[in-house]
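Shown next, in structure tokens, is the structure this report addresses.
Each reported figure results from applying straightforward, stated rules to the coordinates on display, with no laboratory input. Owing to the predicted nature of the structure, the values given are computational and were not obtained by experimental measurement. Every residue, glycine among them, receives a Cβ derived from its backbone with ideal geometry; neighbour counts consider all protein chains shown.
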Amino acid sequence: MGDLAFDAVFLDAGGVLVSPLPHRVTAALASLGVDVDPEGLLHAHYRGMHAVDLARSDPEYFGDYYGGYLSHFGYDPVEHADLVVAATAALDAEWAAGELWVHPVPGAAEGLALLAETGVPLVVVSNADGTVERLLGASGLVQVGPGPGVELKAIIDSGAVGVAKPDPRIFEIALDVVQVPPDRVLHIGDAFSYDVGGARAAGIHPALVDPLDLRPDLDCHRIDSLAQVGSLLRG
């Protein structure tokens, strides 16, 4: 690939590598009388993250996320506030049941293969509950060290380290792992406030996964999926 613009790459997990299992999400919503096309679930996720960005809500509270999520299917979150509350409870219950976020995002495998070819160290930096390493392993995409998926140097899970994006300290933990100057690191995530803002606060170059072109106003790199990571690595 020639000279690379970066010497290490950090990756968010949800929305970049994995998403919730479609059959479990559709079943949970169907129990509330909401029938959705499984093909639209990933785009609904990005609308949910966009809503979280606009609301600047705490990453541990996802009422705003589910309001944006349902808006993708035509449900106004204000007019259908009760449905948002019910959907939040139903989908949080699916999360609590475990092994939900293990569905590979389209383009993730291709992008990871390209990254693996470069040999740059890869680290996942995720706001989660301490289970990201297990879930990513179950996805088959990646794992820490050698294995069936692409090798990671580390998985930094906010639930395990006690600090979450956009706090730059979570990125500093990842920087300690790779021993690369922050201005030579690229971080790819799907939330402007947490991923782009947090990376910049740590001196790291950010890129936003924005396949719906929801944030054309932003002054950062935007890609449709990890499959386009090659354009970022070339600077």
Exercise. Compute the signed sum of charges (Lys and Arg +1, Asp and Glu -1) over the other residues within less than 13 Å, Cβ to Cβ, of residue 195.
Key: -1
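In the range 51-107, which chymotrypsin sites (Phe, Trp or Tyr not before Pro) are in a loop and have at most 15 other Cβ atoms within 10 Å, using DSSP for the loop call?
Numbers: sites: 61, 62, 65, 66, 69, 73, 75, 95, 101; in loops: 61, 62, 73, 75, 101.
For chymotrypsin sites (Phe, Trp or Tyr not before Pro) across the range 51-107 that sit outside H, G, I, E and B with at most 15 neighbouring Cβ atoms in 10 Å, the list reads 61.
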Quiz item: Which GluC sites (Glu not before Pro) from the range 69-145 combine a DSSP loop assignment with at most 15 other Cβ atoms within 10 Å?
Solution: 79, 99
Practice problem: Please work out which option in (1) 30; (2) 41; (3) 18 gives percent of Cα pairs over 31 Å apart calculated from these coordinates, and answer with its label. | Solution: (3)
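Rounded if a/c is under 1.5, else prolate if a/b is larger than b/c, else oblate: which is the range 108-191, with a ≥ b ≥ c the root eigenvalues of its Cα gyration tensor? Kindly include the intermediate steps, with their values, before the conclusion.
Numbers: a/c = 1.76, a/b = 1.18, b/c = 1.50.
The shape class here is oblate.
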Self-check item: Prolate/oblate/rounded label for the range 21-97 (Cα gyration tensor, a/c 1.5)
Solution: rounded
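Which shape class, rounded, prolate or oblate, goes with the range 135-232 when its Cα gyration tensor gives a ≥ b ≥ c as root eigenvalues, a/c under 1.5 marks rounded, and past that a/b bigger than b/c marks prolate? Can you show the working numbers first?
Working: a/c = 1.66, a/b = 1.21, b/c = 1.38.
Judged from the Cα gyration tensor, the range 135-232 comes out oblate (a/c at least 1.5, b/c at or above a/b).
Quick check on the exposure proxy: order 139, 225 from fewest to most C-beta atoms within 10 angstrom.
Working: 139 22, 225 19.
Ranking 139, 225 by Cβ neighbours within 10 Å, fewest first, gives 225, 139.
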Quiz item: Roughly how many Å is it from the Cα centre of the range 70-123 to that of the range 167-235, as a whole number?
Solution: 18
